[in-house]
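I have placed the structure first, in the form of structure tokens, so that the comments after it can refer back to it.
The values are calculated or read from the model by the stated rules, or taken from the named source; none is laboratory data. Keep in mind the model is a prediction, meaning the values are calculated, not measured. Here the Cβ positions follow ideal geometry from the backbone for every residue, glycine too, while neighbour counts run over all protein chains shown.
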Amino acid sequence: MDTDVMGAEDIMGAMFQALARTNPGLARKLGPGAMRRPPPPQLPSANVQAATLKSFMGLAALNGPAIGGPAQWTAADMTDKTMQSEPQESFEGKRMTIDVGLTGATAAGRLINVKNLFIGSQPQSPVIDNPTPAAMFRPDSTSADVDLQIAFRANKVTLTLSIFPTAALTAPDTVQASAGFFGNWIRGQ
């Protein structure tokens, strides 16, 4: 039996029964489904929409003498530096900035390169084996906008930096690089 057809206890069902008594031919022609409940209203979903905020996210060094801070090259360590962040809410990077500081005579002329950038296991460049100059992402760069994949919560953002030339620095000379993103913090996703 169709549960949408109103019974005698409903006003519509009572009206159909009255129609059947007064005009049985019309009632048969219309059938009992003629008096149905109206469909439920099509209201927008009650789900809370995710809020998007303009925000920033920094990266911290995983190796070298300044773990948890900027990437740092010293006389004792000229290896590639990995910087990482694990957002607690989804983040969509729109602009990467890399600020490089050179201290001392043997640091002069050193170049920092971006070896690769990953969100989770996905590379964010079509070529991951050719270094890109970090100068492309200087804070005063006029066109450093990027469209990165969304780093969903607990998805790591990993940046690997290298230095050139790799000849050792003389102590106490250092080269440091800080990196971060401006973008959209997607709350509730």
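Conditions tested, residue by residue: (1) at pLDDT below 95; (2) crowded, with 17+ Cβ neighbours inside 10 Å.
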position	(1), (2)
GLN84	no, no
ILE119	no, yes
ILE128	yes, no
THR132	yes, no
SER143	yes, no
ASP147	yes, no
LEU169	yes, yes
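Taken over segment 145-174, the residue count meeting the criterion of being touching a residue at least 60 places away in the same chain (Cβ under 8 Å), in a loop (DSSP other than H, G, I, E, B) and over 10 Å from the mean Cα position of the chain (by Cα) is 10. Of all the criteria given as (1) touching a Leu at 6+ places or on another chain (Cβ under 6 Å); (2) modelled with pLDDT of 80 or more; (3) part of a helix (DSSP H, G or I), the one not satisfied by LEU59 is (3). Annotation note: of GLY64, GLY69, the sole residue that is at pLDDT below 85 and assigned by TED's automatic domain parsing to the domain that holds THR97 is GLY64. Residues in segment 179-189 that are modelled with pLDDT under 95 and either in a loop (DSSP other than H, G, I, E, B) or more than 15 Å from LYS54 (Cα to Cα) (or both): 2 in all.
Looking across VAL146, VAL100, one residue alone is touching a helix residue (DSSP H, G or I) at 6+ places or on another chain (Cβ under 9 Å) and farther than 24 Å from MET78 by Cβ. It is VAL146.
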